[in-house]
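For reference, the structure discussed in these notes is given below.
The values are calculated or read from the model by the stated rules, or taken from the named source; none is laboratory data. This structure is a prediction, so every number in the text was calculated from the model and none was measured. Neighbour counts are summed over all protein chains in view; Cβ atoms, including those assigned to glycine, are modelled from backbone coordinates with ideal geometry.
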Amino acid sequence: MARVLLLGGSGFIGRHVAERLAREQHMVTIPTRRRERARPDLITLPTVDLVMADIHDDAALESLVGRCDVVINLVGILQSRPGTPYGPDFARAHVELPRRIAQACGTAGVDRLLHMSALGASTTGPSEYLRSRGAGEQAILDAGNTASPPSGSPPRGRLAVTMFRPSVVFGPGDSFLSLFARMQRWLPIIPLAMAQARFQPVFVEDVAEVVVRAMTAPEAIGQTFELAGPEVFTLGELVAFAGAASGHPRPIIPMPRALAFLQAALMERLPGRLLSRDNLRSMSVDNVSAAPWPFGITPTGLGVVAGAYLGKGYPRSRFEHLRAFAGRPG
């Protein structure tokens, strides 16, 4: 049984990781700035403690890290104010926070850190999002190799890091397929930017299982796991699936690149910012991977589970028909 600090534990992936950790009787601390807004399913988990804390405050972060054996960082955002090579919000969440976490681990003598990045992360990526994710990975490695234990403490080895790079993650409560399903409930047609962008959706429960298994697996130390589902889809196919599975299929109109970027520029100014030009730049590279899954895990296919939580059951036969209709093999 380990004492685990789960950063980003109230988010979509974090909730599933917290449930698996609690199931294995690990003691989990999840910092939150607004405990009253926390999901009831987290509050009621028997070994999970939600605490009021600002993880962007150095003193608060060091105090939290000092009370645990393992740190899992799942913090991530999809949009930021623009900047070069990435905007300030990406810098704060994806680069500065991981660096400070690694440094806090060194100060506290905690030698195990698991970090959630993204498929395609690279300091030379086409988008600010991907560049910041790549810079965050490097920041952890740099800080972990130079961090020092408290004065008078015995020498310690390098920070034992495991990183995860998932493709787009789906599951109950996601903000991807569920969003497209809601859009088709209210809109008569779906004008779609980057309809040919390619993804390999991965089930959130599979991601959570890999994270929890990696925490105690010596062979996971120093590894970066690319996590992609068993099938590749275009964005257009995923939107079509979400509409059909929820019972509200709508015509999908692919948008030319120039018009798509104009639409994104306008949407950046609206509350909620459902789409940004940087999101489109991220989709300009395929979000796919042929890397094998660790620990003998077989990833779950989209058609196996997604239809059930999108509003209506979606038999596999209909899923295959949709793939064939879209001009792709099952």
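Numbers for the structure displayed
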read-out	value
Breaking point among (1) of a type outside the set (D, E); (2) without any contact (Cβ under 8 Å) to a residue 60 or more places away in the chain; (3) under 22 Å from A214 (Cα atoms), for I101	(2)
Those residues of segment 104-138 which are over 21 Å from A208 (Cβ atoms), aliphatic (A, V, I, L, M) and touching a strand residue (DSSP E or B) at 6+ places or on another chain (Cβ under 7 Å), in sequence order	V110
Residue ID - surrounded by the fewest Cβ atoms within 10 Å (Cβ to Cβ), chosen from residues in segment 206-233 that are β-branched (V, I, T) and assigned to a loop (DSSP other than H, G, I, E, B)	I221
Options L42, L74, L61: the member that is modelled with pLDDT under 95 and surrounded by 15 or more Cβ atoms within 10 Å (Cβ to Cβ)	L42
Every residue from segment 13-28 that is buried (at least 21 other Cβ atoms within 10 Å of the Cβ) and under 21 Å from the mean Cα position of the chain (by Cα)	I13, G14, R15, H16, V17, A18, L21, V28
Among the candidates Q103, Q79, residue that is modelled with pLDDT under 95, surrounded by 15 or more Cβ atoms within 10 Å (Cβ to Cβ) and outside the structural domain of G272 (by TED's automatic domain parsing)	Q79
Residues within segment 256-273 that are surrounded by 15 or more Cβ atoms within 10 Å (Cβ to Cβ) and assigned to a loop (DSSP other than H, G, I, E, B), tallied	1
Long-range neighbours under 6 Å by Cβ, at least six apart or interchain, first residue at pLDDT below 95 within segment 228-250, second among the charged types (D, E, K, R) and surrounded by fewer than 22 Cβ atoms within 10 Å (Cβ to Cβ)	G243/R250; G247/K312; H248/R185
Residue, farthest from the chain's Cα centre (by Cα), within segment 184-205, restricted to residues that are part of a helix (DSSP H, G or I) and surrounded by 20 or more Cβ atoms within 10 Å (Cβ to Cβ)	Q184
Single residue of F12, F90 found to be modelled with pLDDT under 95 and of a type in the set (F, W, Y)	F12
